[in-house]
1. Among Y116, Y149, rank each residue by its count of other Cβ atoms within 10 Å, from fewest to most, as a rough exposure measure.
2. If you rank M190, M151 by fewest surrounding Cβ atoms within 10 Å, what's the result?
3. Stretched out fully, how many nm does the piece from L188 to S54 gain, at 0.36 nm a residue minus the Cα gap?
4. Measuring from label point to label point, each 7 Å out along Cα→Cβ, what is the R252 to I180 span in nm?
5. Under a 5 Å amide H to amide H cut-off, with H placed in plane at 1.01 Å, what residues pair with G89 once short-range neighbours are removed?
Amino acid sequence: MKKTLILLLITVMLCIASIPCLAADGYIGGEYLLDDADLLSASEEDSILEELASLSEEFGCNVGIITVDHLDQSALSYAHGQYDAIYGGQTYDGILLVINMEAGDREWAISFNGKYASYDDYDLMSSSVIYLTQGDYYTALTSFTSACYGMFISQEYDHPAPNPTADLFTGIAICVLIGIVVALIVVLSMKSKLKSVRSKANANDYVVHNSFVLTGHSDLYLYSNITRVPVPRNTSGGSGGSGGSRGGASGRF
């Protein structure tokens with residue numbers, strides 16, 4: 001019985017350990033809209049935020065928008081840096097739009113990350129720029145989210161992406177099923193070997209009478225075997241980081 005419990009415990013631990021490997025790394029939830037330039041009303045912010053969150057969760061990527069009053073660097077450099085700061089780095093798939101409203105230097109930029117790194121199509125902003133120039137910022141941003149949706153649908157149609165949640169639960173179900181099958185096999189095997197066994201009152205009952213006679217005993221030292229393994233020296237001069245891919249697009253309005 002103890003062996004069975006240990007086996008079941010190991011099976012459960014293996015199932016739990018497999019969960020992080022099955023979880024999707026496509027995106028991380030977080031801030032989707034930062035309107036520091038105050039271009040939107042409260043209700044407009046709520047509407048845009050809902051669209052961005054829906055896009056991010058449905059397609060397994062990060063889609064965000066940041067507006068600022070001024071920058072001391074290019075909007076594209078700022079977009080790349082903010083994507084890393086908010087969403088955890090280039091290895092996470094997504095798109096981040098930055099709009100700089102600084103007088104005389106109005107600029108938009110998009111940081112494309114992960115599987116979208118090669119997608120530097122300006123069509124995502126082709127209709128939005130017109131509305132930005134006219135000062136209709138809410139329509140400009142809704143136009144951008146609609147363009148992202150169209151791009152995602154087009155890519156999903158050509159290359160359907162797996163559903164991260166479905167994959168996770170499928171993996172867990174498979175692990176649990178394998179554990180149950182293995183445990184049943186072991187238990188049934190052990191049970192089949194115990195058909196002729198009956199429980200005894202004490203340990204002596206399991207020994208055949210007069211079948212074991214000890215005539216003498218001694219401790220003999222035979223030999224020793226010593227293995228020496230040198231401790232490796234650490235010769236590395238630094239540490240590496242995770243790689244990723246990145247693309248971008250920018251323009252003025």
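1. Neighbour counts put them in this order, fewest first: Y149, Y116.
2. M190, M151
3. Length gained between L188 and S54: 43.3 nm.
4. Label at R252, label at I180, 6.6 nm between them.
5. D84
Only the coordinates and a few stated rules stand behind these numbers; no lab work does. All values derive from a computational prediction rather than experimental measurement. We place every Cβ from the backbone using ideal geometry, glycine too, and count neighbours over all the protein chains shown.
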